[in-house]
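Laboratory data are not the source of any read-out in this text; all were calculated from the coordinates shown. The structure presented is a predicted model; accordingly, all values stated were derived computationally and were not measured. With ideal geometry, Cβ positions are generated from the backbone for all residues, glycine too; neighbour counts draw on all protein chains shown.
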Amino acid sequence: MSTTDAVTADEDVTDRWTAVRDLPPSAKLVAKVLDYNDTLTQSELAEETLLPPRTVRYALSRLEEEDVVDSRFSFTDARKRLYTLAV
């Protein structure tokens, strides 16, 4: 990896957290938990953050509006969605 690649990667991380800076505390917490854990469902996020499911849903919607979080359907259970931080 060259120096310019490392600088670009650092800028991407900084841009991601800049987008989160003005969001509610619940969205910041959900983003930080996703930063530590690669992929989680909404119910797993509720367990990890100790937030009510409705608050987690709101936080995820705000994070998706800012393009900070990516979501996809779970292959094991199509009723669930898996959330990851956007790279």
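Some notes on this structure:
- The phi-based Karplus calculation (6.51 cos²θ - 1.76 cosθ + 1.60; θ = phi - 60°) puts the 3J(HN,Hα) values of the stretch 31-37 at 5, 5, 5, 5, 5, 7, 10 Hz, whole numbers, x for Gly and Pro.
- With θ taken as phi - 60° and the Karplus curve 6.51 cos²θ - 1.76 cosθ + 1.60 applied, the whole-hertz 3J(HN,Hα) list for the stretch 73-87 is 6, 6, 6, 7, 8, 5, 6, 9, 10, 9, 10, 9, 6, 6, 8 Hz, x standing for glycine and proline.
- Dipole moment magnitude, nearest 20 debye, the stretch 20-87 about Cα centre, only Lys, Arg, Asp, Glu C-beta charged: 220 debye
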